[in-house]
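K.L.:
The structure under discussion is supplied below as structure tokens; questions concerning it will follow.
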Amino acid sequence: MTVEERIKELEEKLAKTPKNKGTETDLAKIKTQISLLKSQSELRKTKKSGISAYGYSLRKKGDATCVLIGTPSVGKSTLLNKLTNAHSATADYEFTTLFAIQGMLTYEGAKIQIIDLPGILEGAASGTGRGKEVLAAARNADLMLIVSDIKRPQLKDIISGELKKAGIFLNMTAPKISLKKTIKNGIVVKSTVKQRLTRNTIAEILRMHKLVNAEIILFDTVDVDDINNAIIGNKVYAGAIYVYNKIDTISKEEVSEIKKASLQKAQDKKNYAFISAKTNKNLDELKALIFSKLNLMAIYTKKTNKAPDMEAPLILKKGATIRDACFKIHKDFVDKTAFAKVWGSSRYDGQKLSMKYKLHHKDIIELCF
Ligand SMILES: Nc1nc2c(ncn2[C@@H]2O[C@H](COP(=O)(O)OP(=O)(O)OP(=O)(O)O)[C@@H](O)[C@H]2O)c(=O)[nH]1
Ligand SMILES: [Mg+2]
């Protein structure tokens, strides 16, 4: 029996097993066995086919990487060409793009790599088309741009579903789980919140991963897959922007309707863009949204008695400190620098602040030795 056949058999068993408190541990064990087999089979396939060699996956470059992902003909390549210096072929037939094409978007001084991927179809995660390879290429990105045709807004859910099946979760944070191997005491399960699973079930899952002495602390309510993922680590949590393209093809009123339906919660505004790649509508808003979703900030540097360099800022993650800025310039600067003068978020211009100070987007700093 092949691994795939065994997985199928277990999935059938899982579907047939009644779901109640009495079967909780059995169900968890089947799910864990499936997770273990899947990760084994993925590993084998990646090694055998050398997925990256297919030309779907590109080396990361610049300050951050985004991928354009969606069904064929929604306008991914047109958008790539508009956002970057790239020339990806576009056409009104499906599967115009066959391999990954990249371009660089410069925004606020940040160099953001954007990768245009071939279109994927429903069923991609289970191998339809070159779906698996495309989804594998998307895994490493810092941000997913899920492109749909505004006339078919439901495409967003199809693509999100395929990504989920491929272990890529959008706009969600991983449940916090701490796991450490210990030298004695067997499996110890601790939790700071109420759990649905019993301690015994959780311990059984850990044992299936051949853990004998270990302490697991759960800071969120978790399910079996969450625990398996914390141990195997084959799930990815990525930010995503749902891009509805071709708004030029419907009326303003229709666009408003779809916007209203999509933007229900305050945070939705950060997750949706309504654009026309063809007529350039709302592309500047999309660029700003990409920069913001990537949690980047630009920090300008200046030398004593000189004007700041506004052309080539340091690009750092939000929350970065003066120390991180020094490190980005050169690791030697960390020890050399005593403090920095800051303009922008500081209480007054040129305020002397310590290495621990958290910088803000567009701050100007002068390192003092
Ligand atoms: N009306 C309109 N047409 C667009 C827009 N963006 C792209 N198109 C057209 O849609 C068609 C498909 O565009 P592509 O950019 O090739 O689409 P794609 O998503 O890269 O397609 P694949 O590579 O096949 O997956 C082309 O004829 C484009 O000119 C838009 O905003 N409005
Ligand atoms: Mg294309």
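The values are calculated or read from the model by the stated rules, or taken from the named source; none is laboratory data. This one's a predicted model, so the numbers in the text were calculated from it and none came from an experiment. Glycine also receives a Cβ, built like all others from the backbone with ideal geometry; neighbour counts cover every protein chain displayed. In case anyone asks, the SASA skips ligands and DNA or RNA and just uses the protein heavy atoms, side chains included. Shrake-Rupley method; radii C 1.70, N 1.55, O 1.52, S 1.80 Å.
K.L.:
Within the stretch 280-311, find all residues whose amide N lies under 18 Å from a label point positioned 7 Å from the Cα of residue 338 along Cα-to-beta-carbon.
P.N.:
Of the residues in the stretch 280-311, 303-305 have backbone N under 18 Å from the label point off residue 338.
K.L.:
Using a 1.4 Å probe on the protein chains only, how many percent of the accessible area of the chain belongs to carbon and sulfur?
P.N.:
52 percent
K.L.:
Using the heavy atoms of the protein chains and a 1.4 angstrom probe, tell me the accessible area per residue for the chain in square angstrom.
P.N.:
54 Å²
K.L.:
Could you grab the relative contact order for the chain? Cα pairs under 8 Å, six or more apart, rounded to a whole percent.
P.N.:
Reported as a whole number, the value is 13 percent.
K.L.:
Can you tell which of 110, 307, 214 shows the greatest fluctuation in a Gaussian network model of the chain with Cα springs below 10 Å?
P.N.:
For the chain, modelled as a Gaussian network with Cα springs under 10 Å, the answer is 307.
K.L.:
If you take the beta carbon distance between residue 188 and residue 307 as r and set R0 to 51 Å, what does 1/(1 + (r/R0)^6) give as a FRET efficiency, to the nearest 0.05?
P.N.:
It comes out at approximately 0.30.
K.L.:
Taking every DSSP beta bridge with both residues inside the chain, roughly what % is antiparallel (nearest 5)?
P.N.:
50 percent
K.L.:
Between residue 351 and residues 5 or more places away or on another chain, which pairs have amide H atoms under 5 Å apart, with H built 1.01 Å from N, and which residues are they?
P.N.:
Residues meeting the amide H criterion: 342.
K.L.:
Continuing with the same structure: Amide H of residue 240 versus every other amide H placed in the peptide plane: which residues, excluding those fewer than 5 positions away on the same chain, fall under 5 Å?
P.N.:
Here the answer is 144, 171, since their amide H atoms fall under 5 Å of that of residue 240.
K.L.:
Once label points are set 7 Å from the Cα along Cα→Cβ at both residue 213 and residue 285, what is their separation, rounded to one decimal in nm?
P.N.:
With each label placed 7 Å out from Cα toward Cβ, I get 5.9 nm.
K.L.:
Using packing as a proxy for protection, rank 161-171, 116-126, 131-141 so that the peptide with the highest average count of other Cβ atoms within 10 Å comes first.
P.N.:
With the highest mean Cβ count within 10 Å placed first, the list reads 131-141, 116-126, 161-171.
K.L.:
Place a +1 charge on the Cβ of each Lys and Arg in the stretch 252-318 and a -1 charge on the Cβ of each Asp and Glu, then give the dipole magnitude about the Cα centre in debye, rounded to the nearest 20.
P.N.:
Computed about the Cα centre, the dipole is about 300 debye.
K.L.:
Antiparallel as a % of all DSSP beta bridges within the stretch 297-368, to the nearest 5?
P.N.:
85 percent
K.L.:
With +1 on the Cβ of every Lys and Arg and -1 on the Cβ of every Asp and Glu, and nothing else charged, how large is the dipole of the chain about its Cα centre, in debye rounded to the nearest 20?
P.N.:
Here the chain has a charge dipole of around 1200 debye.
K.L.:
Which order, highest average first, do 310-318, 65-73, 350-358 follow once you tally other Cβ atoms within 10 Å for each residue and take the mean per peptide?
P.N.:
Most protected by this proxy first, the peptides run 65-73, 310-318, 350-358.
K.L.:
In the structure displayed, which of 306/341; 260/318; 293/317 lie more than 22 Å apart, Cα to Cα?
P.N.:
Correct reply: 260/318.
K.L.:
Take 346, 251 and sort them by solvent-accessible surface of the protein heavy atoms, 1.4 Å probe, largest at the top.
P.N.:
Per-residue accessible area, sorted high to low, gives 251, 346.
K.L.:
For residue 88, what accessible area in Å² do you get when you roll a 1.4 Å probe over the heavy atoms of the protein chains, rounding to the nearest 10?
P.N.:
10 Å²
K.L.:
May I ask you to derive the FRET efficiency for residue 14 and residue 89 from their Cβ-Cβ distance with R0 = 45 Å, giving the value to the nearest 0.05?
P.N.:
Rounded to the nearest 0.05, the efficiency is 0.55.
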